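Report on one structure; see the data block that follows.
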Amino acid sequence: MSSKEVSRNRKVERRDLDSVVGDLKRNSSSSYILDFSYLDLSPDEISEICFGLQDNYVIRDVDLSRNFMGPDGARLVAQVVYHDNVLVTINLSNNGLVDEGAEAIAHALTGNRTLQELNLSSNKIYDLGAAAIAFALKTNNSLHSLNMSYNRISNSGAGAIGSMLALNSCLTKLNLSDNWISDLGDRNNVNSFTKGLIINTTLTELDLAVNSLGVRGANQIAQVLQSNPKLVNLDLSWNAICDEGALAIGAALQRNILHHLNLACLNCYHCFHDKNFHDGTITIL
């Protein structure tokens with residue numbers, strides 16, 4: 001099949017599922033992006049899709065979000081990912097993977113060398129699953145974007161991710177919003193997460209919105225901004241860093257030129273007139 005005959009994207013409807021899976025098995029798909037989201041796929045259907053993807057050389061992006069496949073489904077997907085050398089993007093959000101499913105995907109990442117974007121948001125993943133993904137990414141050299149938002153990752157999981165960031169030289173975008181990450185220690189005890197961010201040389205976008213960061217956490221993020229010029233997009237909205245934390249971030253901006261900083265809804269009342277925040281790229285509402 002010529003490249004001209006391959007369309008860009010296909011949202012799979014349930015009535016077409018058997019036909020699409022048949023095309024996968026024959027490697028004759030007419031699309032290179034397949035969207036299986038919102039189909040409430042059964043375990044057998046997940047298995048058939050994964051079987052069809054085993055010898056895939058056409059499909060680049062797969063969206064399996066919102067099918068609630070659970071850890072068993074994640075294990076099937078993981079088998080594909082481990083051996084695949086074509087897939088670039090996989091969306092597994094809203095699937096109830098929990099820690100067991102995250103561990104299966106983590107193992108797959110140790111063998112995969114092509115996947116660049118992975119969405120694991122809204123999967124009830126706790127620290128154990130986050131640590132497994134982090135461990136895999138210490139040696140993975142392909143993944144550029146990781147979304148683990150809307151999970152249940154706390155400081156322990158964040159510390160494991162920080163240890164990964166100290167070694168990883170590929171990840172550029174990390175979304176940890178809507179988790180349970182709280183103040184990361186005091187000013188004199190920079191923990192693994194902060195250390196990793198300081199050492200890392202590739203991450204450009206970090207989303208920590210809607211966590212439980214306070215003044216101490218803000219001070220540590222300020223240390224990161226003073227030491228790491230690569231980080232240019234930062235979202236700290238809907239935390240509780242208050243004026244003191246926001247002003248520490250503002251002072252750090254003298255040594256870091258962020259492209260975008262979101263400080264919306266931080267319980268800040270007096271930092272609006274600080275000269276360091278007079279920039280259209282900064283949101284403080």
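Please treat every number below as a calculation from the coordinates, not as lab data. The structure displayed is predicted, hence computed values, not measured ones. For neighbour counting, all protein chains shown are included, and Cβ atoms are generated from backbone atoms with ideal geometry for every residue, glycine included.
Filter the range 126-171 down to the residues that are of a type outside the set (A, V, I, L, M), more than 21 Å from Val210 (Cα to Cα) and part of a loop (DSSP other than H, G, I, E, B) and list them by number.
Of everything in the range 126-171, those that are of a type outside the set (A, V, I, L, M), more than 21 Å from Val210 (Cα to Cα) and part of a loop (DSSP other than H, G, I, E, B) turn out to be Lys138, Thr139, Asn140, Asn141, Ser142, His144, Asn168, Ser169, Cys170.
Looking at (1) closer than 19 Å to Leu92 by Cβ; (2) among the aliphatic types (A, V, I, L, M); (3) out of contact with any Leu (no Cβ under 6 Å at 6 or more places or on another chain), which is the only condition Ile46 fails?
Only one criterion in (1) closer than 19 Å to Leu92 by Cβ; (2) among the aliphatic types (A, V, I, L, M); (3) out of contact with any Leu (no Cβ under 6 Å at 6 or more places or on another chain) is unmet by Ile46, namely (3).
Quick check on Gln223: is it part of a helix (DSSP H, G or I) and farther than 20 Å from Ala166 by Cα?
no
Of everything in the range 106-122 that's assigned to a helix (DSSP H, G or I) and of a type outside the set (S, T, N, Q), which residue is farthest from Ala74 (Cα to Cα)?
Only one residue tops the list, namely Gly111.
Listed residues Ala248, Ala240, Ala218; which is in contact (Cβ under 8 Å) with a residue 12 or more places away in the chain and either in a loop (DSSP other than H, G, I, E, B) or surrounded by fewer than 18 Cβ atoms within 10 Å (Cβ to Cβ) (or both)?
Ala240 is the lone residue from the list that is in contact (Cβ under 8 Å) with a residue 12 or more places away in the chain and either in a loop (DSSP other than H, G, I, E, B) or surrounded by fewer than 18 Cβ atoms within 10 Å (Cβ to Cβ) (or both).
For the range 133-146, indicate whether the set of residues that are under 28 Å from Gly245 (Cα atoms), in contact (Cβ under 8 Å) with a residue 12 or more places away in the chain and surrounded by fewer than 20 Cβ atoms within 10 Å (Cβ to Cβ) is non-empty.
Within the range 133-146, one or more residues are under 28 Å from Gly245 (Cα atoms), in contact (Cβ under 8 Å) with a residue 12 or more places away in the chain and surrounded by fewer than 20 Cβ atoms within 10 Å (Cβ to Cβ).
Please give the number of the condition Glu117 fails out of (1) under 14 Å from the mean Cα position of the chain (by Cα); (2) buried (at least 21 other Cβ atoms within 10 Å of the Cβ).
Only one criterion in (1) under 14 Å from the mean Cα position of the chain (by Cα); (2) buried (at least 21 other Cβ atoms within 10 Å of the Cβ) is unmet by Glu117, namely (2).
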